[in-house]
Amino acid sequence: MEEKIRIENVTKKFGSYAALDGISLSFEKGKIHGMIGRNGSGKTVLFKCICGFLRVDDGAVFVDGKQIGKEIEAPESIGAIIETPGFLPGYSARQNLQFLAGIRRKIGKKEIDAAIRKVGLDPEAKKHVGKYSLGMRQRLGIAQAIMEEPSLLILDEPTAGVARAEGYEIMKMMRQLFLKLKDEGKTILLASHNREDIAALCDTTVEIDRGKIVG
């Protein structure tokens, strides 16, 4: 097994509360790994530690063999959607992604438009993101995560709001997109309350509760 991510005895506390309590895990490259758990179970905190957004108090997080926060500040090739995506409401989908792409300057309009199309949105649309439904904003968040072709995707509830607001066909398209990304060799960590997502997509599943691995 070729590891993409290794979590070694990780603890993360907020005051006296242990959001993560001595967790050890590994995730193989090129697969979709599901993570399930109630709100407050520790899933999002773990994802933020992997992304380098939060520093662990004890233990270590390795991505591609490099320790986050020691050898590198964040994974070198990562796309993430964590919690509700934040966009500038007075601008279009394309404009928002152009602003974000300008940070690293790795891609241009062609790649941005391709990512927007992959999630079933129209890159030519002038509609401001502030007028988007929750499901549309969520899909734009996925476009943002994938537009630079990262090797690692961290997707925290990526279909939240999509099923309720936009129906089965959009949901099916999103699942097909995630499977295609896996076929392209990407490693995906996926947290979802939707057990159908987990069953349809994931090669492995981990359950977390109160900061501990329970299944």
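Laid out as a table, the results:
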| item | result |
| --- | --- |
| Boolean, ILE68 is more than 22 Å from LYS186 (Cα to Cα), at pLDDT 95 or above and touching a Lys or Arg at 6+ places or on another chain (Cβ under 9 Å) | no |
| Extreme residue, nearest to PRO75 (Cα to Cα), among residues of the stretch 1-30 that are in contact with a Cys (Cβ under 9 Å, 6 or more places away or on another chain) and among the aliphatic types (A, V, I, L, M) | ILE7 |
| Pair list, Cβ under 8 Å, 6 or more apart: the stretch 193-215 residue farther than 23 Å from GLU8 by Cβ and open to solvent by 50 Å² or more (accessible area, probe 1.4 Å), other residue assigned to a strand (DSSP E or B) and not acidic (Asp, Glu) | HIS193/ILE36; ARG195/ILE36 |
| Residue match in the stretch 182-191 (condition: within 21 Å of LYS31 (Cβ to Cβ), in a helix (DSSP H, G or I) and at pLDDT 90 or above) | yes |
| One residue from ILE112, ILE78, ILE142 being closer than 23 Å to VAL61 by Cβ, in contact (Cβ under 8 Å) with a residue 24 or more places away in the chain and of a type outside the set (D, E, K, R) | ILE78 |
| Matching entry among LYS48, LYS66 (being under 17 Å from LEU152 (Cα atoms) and touching a residue at least 24 places away in the same chain (Cβ under 8 Å)) | LYS48 |
| Residue under evaluation HIS33, criteria (1) open to solvent by 60 Å² or more (accessible area, probe 1.4 Å); (2) part of a strand (DSSP E or B); (3) in contact with a Phe, Trp or Tyr (Cβ under 8 Å, 6 or more places away or on another chain), criterion not met | (1) |
| Tally of residues being in a loop (DSSP other than H, G, I, E, B) and over 25 Å from ASN194 (Cβ atoms) across the stretch 118-150 | 9 |
| Per-region count, the stretch 57-77, residues surrounded by fewer than 22 Cβ atoms within 10 Å (Cβ to Cβ) and either touching a Ser or Thr at 6+ places or on another chain (Cβ under 8 Å) or not hydrophobic (A, V, I, L, M, F, W, C) (or both) | 13 |
| Single condition GLY22 does not satisfy, out of (1) closer than 24 Å to GLU184 by Cβ; (2) in contact (Cβ under 8 Å) with a residue 12 or more places away in the chain; (3) not aliphatic (A, V, I, L, M) | (1) |
| Positions within the stretch 151-175 being assigned to a helix (DSSP H, G or I) and either open to solvent by 30 Å² or more (accessible area, probe 1.4 Å) or not hydrophobic (A, V, I, L, M, F, W, C) (or both), in sequence order | ALA163, ARG164, ALA165, GLU166, TYR168, GLU169, ILE170, LYS172, MET173, ARG175 |
| Exclusive hit being farther than 24 Å from LYS4 by Cβ and either open to solvent by 70 Å² or more (accessible area, probe 1.4 Å) or assigned to a helix (DSSP H, G or I) (or both), set PHE87, PHE99, PHE178 | PHE99 |
| Residue check for LEU46: among the aliphatic types (A, V, I, L, M), modelled with pLDDT of 95 or more and either in a helix (DSSP H, G or I) or open to solvent by 70 Å² or more (accessible area, probe 1.4 Å) (or both) | yes |
| Selected residue (criterion: most open to solvent (accessible area, probe 1.4 Å)) from residues of the stretch 102-117 that are part of a helix (DSSP H, G or I) and more than 17 Å from GLN176 (Cα to Cα) | LYS110 |
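The values are calculated or read from the model by the stated rules, or taken from the named source; none is laboratory data. Keep in mind it's a predicted model, so treat the numbers as computed, not measured. Cβ coordinates were reconstructed from backbone atoms using ideal geometry, including for glycine residues, and neighbour counts include every protein chain displayed. Quick note on the areas: whole protein, heavy atoms, side chains included, nothing else; ligands and nucleic acids left out. Shrake-Rupley method; radii C 1.70, N 1.55, O 1.52, S 1.80 Å.
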